[in-house]
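To keep things clear, I will list the structure first and then write my remarks on it.
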Amino acid sequence: PTICLFLKYVGHLRNMDSFIQAVQQVEEIAGHDDAMTVHFLGTSHIYTAAASLETAILNTSSFSFFDKALHHIVTDNGEERGVVLAPDGTTVALAPLMLGIEAGLNAQTEGTPAVGLFPLTLGRTLGLTFLSLQDFPPSYRLGPNGCWDNTEHPKVFKLYRPATIATDAVIYGGMDGIILGTHLVNLAKSESIPPLSEILKGYYIFNLLEGKGLDDLPGKISPKRRELSRSILEPLNLQNEVMETLALVWKLERTEWIAFDTGIGQALKEGLKEFVKKYWDCPQIIPRCQWGAKPRDGTPIPLSLPLDHLFVHHTYTPSAPCLSFPDCARGMRAMQRYHQEDRGWSDIGYSFVVGSDGYVYEGVGWNTVGRHTRGQNSIGYGVSFIGNYSSVLPSRYSLDLLRRWMVQCAVGGGRLVSNFTLKGHRQAVNYTTCPGDALFSEISRWENFRE
């Protein structure tokens with residue numbers, strides 16, 4: 001039978017941990033009865049194998065939680081609802097996540113292809129946002145991101161700017177739904193389907209080992225959503241997939257279909273190009289407000305892009321790699337406090353900082369002059385790895401975040417020239433061993449390194 005998911009809310013916090021606690025109490029949910037969902041999944045039903053939960057399922061407060069937890073809206077004042085804060089510091093919309101899982105479960109139990117997986121999670125969202133905003137620049141057809149009022153006790157998530165249909169949280173929820181739905185489809189028939197709570201725990205809640213980082217976790221986990229979703233979707237002809245999804249939307253909503261023409265095709269082509277650049281070519285960057293940055297002192301000085309240098313640092317203090325969002329966020333706040341209060345700088349000095357949790361953390365960012373490399377701040381970005389790398393290296397995954405993802409993102413986005421010069425901090429000044437002997441030896445073998 002179709003496995004639908006009904007959740008009883010635990011508390012009022014908008015985080016994935018509370019959501020999973022609710023799933024552990026009731027593993028069923030109802031309410032996905034829009035036309036496209038019914039087309040692919042059928043009409044959802046509320047039921048549970050545990051008779052003791054029947055009362056909870058029919059309780060009005062359970063339906064109230066369902067409405068609040070899964071119904072995705074953006075209010076007039078920019079508050080995004082139907083989203084939760086994941087343990088890794090990212091924000092995920094629950095509706096596309098749950099639809100992807102349900103599509104995968106249906107396909108696995110019925111032995112049929114998961115034909116609705118892409119349309120339900122990302123296809124409809126991408127198609128509608130590209131068409132509705134085709135007169136806007138491509139970069140404004142997706143997003144935005146936002147920040148929580150409090151990452152320890154999250155209740156309100158506010159967006160940076162007016163929302164598109166495809167906010168970052170909706171995209172991340174769609175990616176996660178595709179990853180987990182595909183995983184369920186690929187389960188061998190001899191394997192038992194794990195409880196939903198275990199599926200979510202395995203993906204969102206995990207422990208990293210010092211010195212290993214994500215290198216020790218090759219499976220499906222949330223910090224790897226970009227490369228995992230890319231490996232699933234890139235072999236497809238996404239433009240055709242989105243076009244077919246749009247045709248189905250118009251058919252199901254009994255709206256006259258607009259014939260394929262150059263305008264629609266061009267809008268989808270431009271939109272998907274921006275999607276690839278933003279969500280696949282670039283690493284996920286945790287914004288300043290998410291790690292709890294204080295306001296900078298004074299007026300920022302803009303960089304003149306593109307730059308031609310990239311300087312690599314290590315923080316030395318904190319000396320240990322950070323392996324979780326809370327630890328990395330604390331390290332960022334400590335560095336900013338030291339730079340502002342002890343050194344008298346206007347802000348944290350680095351452009352970006354790489355954690356061992358699978359994420360890059362925003363310092364002063366792409367467009368502002370930092371305080372990372374004396375005499376060179378206006379000609380290059382300063383990127384630091386959290387930790388002391390005098391005798392050991394960051395995890396291979398962390399190194400790739402800079403060597404592959406950040407460089408690719410900076411060059412592709414016109415922020416760094418393609419033949420840029422890569423240097424260690426010690427090459428620009430004579431009073432430091434930064435970025436540590438081990439890390440310096442590593443980057444000296446990278447492309448673009450210059451003596």
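The values are calculated or read from the model by the stated rules, or taken from the named source; none is laboratory data. Treat the numbers as computed from the prediction; the structure is a model and nothing was measured. Neighbour counts are summed over all protein chains in view; Cβ atoms, including those assigned to glycine, are modelled from backbone coordinates with ideal geometry. Ligands, DNA and RNA are excluded from the accessible area calculation, which covers all protein heavy atoms including side chains. Shrake-Rupley method; radii C 1.70, N 1.55, O 1.52, S 1.80 Å.
Search the structure for amide H atoms under 5 Å from the amide H of PHE385, placed 1.01 Å from N in the peptide plane, and list their residues when 5 or more places away or on another chain.
The list, which skips near neighbours in sequence, is HIS313, HIS314, THR315, VAL354.
Going 7 Å from the Cα of GLU253 along its beta-carbon direction, which residues of region 108-136 have the amide nitrogen within less than 16 Å of the resulting point?
The answer is 119-134.
5 Å is the cut-off here: which amide hydrogens, built 1.01 Å from N in the peptide plane, fall below it relative to TRP345, excluding neighbours closer than 5 in sequence?
Distant-sequence amide H within range of TRP345: GLN340.
Averaged per residue, what accessible area in Å² does region 377-451 show with a 1.4 Å probe, protein chains only?
43
Identify the GluC sites (Glu not before Pro) of region 77-177 meeting these criteria: DSSP loop state and at most 16 other C-beta atoms within 10 Å of the C-beta.
GLU152
Under the rule of at least 5 residues apart or a separate chain, name every residue whose amide H is placed under 5 Å from the amide H of ILE301.
Correct list: VAL369.
Between ASN430 and ARG445, with labels modelled 7 Å along Cα→Cβ, what's the label distance in nm to one decimal, could you check?
Each label point is offset 7 Å from its Cα along the Cβ direction, giving 3.0 nm.
For the full complex of protein chains and a 1.4 angstrom probe, list THR125, THR373 by accessible area with the highest value first.
These residues rank, largest area first, as THR125, THR373.
Find how much the distance from GLU198 to THR317 grows on full extension, using 0.36 nm per residue of separation minus their present alpha carbon separation; answer in nm with one decimal.
Here the segment from GLU198 to THR317 would lengthen by 39.2 nm.
Taking 0.36 nm per intervening residue step and subtracting the Cα-Cα distance, what contour gain separates LYS273 from ASN240 on full extension?
Contour length minus the Cα-Cα distance gives 10.5 nm.
For labels at ASP297 and THR368 in the simple 7 Å Cα→Cβ model, what's the distance in nm?
1.4
Give me the distance in nm between label points sitting 7 Å out from Cα along the Cα-to-Cβ direction at ILE73 and ALA438, one decimal.
5.2
Would region 93-228 count as rounded, prolate or oblate if I go by the C-alpha gyration tensor, calling it rounded below 1.5 in a/c and otherwise prolate when a/b exceeds b/c, oblate otherwise?
oblate
Could you please state, rounded to a whole Å, how far the C-alpha centre of region 302-356 is from the C-alpha centre of region 411-429?
17
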